[in-house]
Amino acid sequence: MKKITHFKESILPLVGMLLFVFIYSCETEDGFTAKSAPNANVSPIIITNGDYQTDCISTDTPFYVTTHEFVVNYGNNTKTINLEYYNTLTDFVLRVKSTNSWSNLLIDGVSVINGGNVPADEWRTHTMPLASQWTAGDMISFSLAIAGGGQQATTSISYNLFGACDESCSTTFEGEALACGTDRQAVYTFIAEEDTEYIKIQGGLTNFTGADAVVTIDGGALTHTQWTPGGSSNRVIKVEGSVAACEVITITIDWDSTNSGGIITGDWSVKDANGNDLAPSVPGLSCE
């Protein structure tokens, strides 16, 4: 009797081990049985190319994408899941790719992509609208499951929203003399805080003795004219047209002069269609 009891005690662990192997090997490849083994995931690699506390987004800036990669091991098989996610001003965007084909994407247990088999190494995108009153730093968090193509892959996502950049500005008008010898150059910069249908920027060049000045305008929908008042050695430049809010308008003027003198321009002003000053005028410029 002792031998029989010893035999039973010896074989029971072996029977249990064989039964476990049998049950595990009978699971489907997709691993959807209720008793499927949990993921043997390697720790995910998560990299964000920005800092929500200091960086911001707008309609025309690159978004700060978080890359999220993890590996699922099941039996003798393995697959790699790649995620990319980021927020725009209106949505949270999630992109998914797997080294195996897959068929269903679930967020917090709810299927959001299930339109059939997705081939291996092809991206699919899911977009989630942001709350109407979202602010920078708000947390987006959910559980994610990618089903099909082997053991179901699961992970969790926690993401802080990047806030909107402050795109407001104030109206400014500035000037700088860059060259004051015989070859002269002055640059004027104007920014309007709102769209303006008509502006007029006008001023003079003192002791003007050369040919027409070369006027280069960057920004806005602007044209220029120039003339010399009768009997004067000065040249008047007028720039007029429309500008968009916060657009940087740069006016570069190059001209020749054989006259000497420290101040190379007269006063320059910027006015609206009614002749009202949009910003303080810029007094005569010199290189000193």
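What the table below lists for this structure:
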| item | result |
| --- | --- |
| Global form of region 160-208, assessed from the alpha-carbon gyration tensor, a/c cut-off 1.5 | oblate |
| ³J(HN,Hα) computed for each position of region 211-216 - Karplus, 6.51 cos²θ - 1.76 cosθ + 1.60, integer Hz, glycine/proline x | 6, 3, 5, 8, 10, 10 |
| Surrounding net charge for GLU240, when Lys and Arg each add one and Asp and Glu each subtract one, Cβ distance under 12 Å | +1 |
| Segment THR223-ASN117, extension gain: residue separation times 0.36 nm, minus the distance between their alpha carbons | 32.3 nm |
| Length gained when the stretch TYR198-ASP91 is fully extended (0.36 nm per residue, less Cα-Cα span) | 34.9 nm |
| Order by protection proxy (mean Cβ within 10 Å, highest first), peptides 223-235, 188-200 | 188-200, 223-235 |
| HN-Hα J in Hz across region 105-122 - Karplus 6.51, -1.76, 1.60, θ = phi - 60°, x for Gly and Pro | 10, 10, 10, 6, x, 9, 6, 10, 9, 8, x, x, 5, 9, x, 4, 6, 10 |
| Separation of the ASN276 and ASP108 label points, Cα + 7 Å toward Cβ, nm | 5.1 |
| Eligible aspartates and glutamates near LYS97 by straight Cα distance, threshold 14 Å, same-chain separation 8 or greater | GLU69, GLU84, ASP121, GLU122 |
| Counted charge near PRO44, where neighbours are those whose Cβ lies closer than 15 Å (Asp, Glu -1; Lys, Arg +1) | 0 |
| Sites THR99 and SER168, calculated FRET efficiency, Cβ-Cβ separation with R0 41 Å, nearest 0.05 | 0.35 |
| In range of the label at ILE263: residues from region 229-248 whose backbone nitrogen is under 20 Å from the point 7 Å along Cα→Cβ | 229-238 |
| Potential extension, VAL65-THR78 segment - 0.36 nm per residue separation minus Cα distance | 2.1 nm |
| Nitroxide proxy distance, nm - points 7 Å out along Cα→Cβ at THR250 and GLU288 | 2.9 |
| Peptides ranked, highest mean first, by Cβ atoms within 10 Å: ranges 117-127, 147-157 | 147-157, 117-127 |
| Average Cα contact separation per residue, region 131-235, under 8 Å, 6 or more apart, as relative contact order % | 16 |
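All of the numbers you see were taken from the coordinates with simple rules; none came from a lab. Owing to the predicted nature of the structure, the values given are computational and were not obtained by experimental measurement. Heads up, the Cβs are rebuilt from the backbone with ideal geometry, glycines too, and the neighbour counts pull from every protein chain shown.
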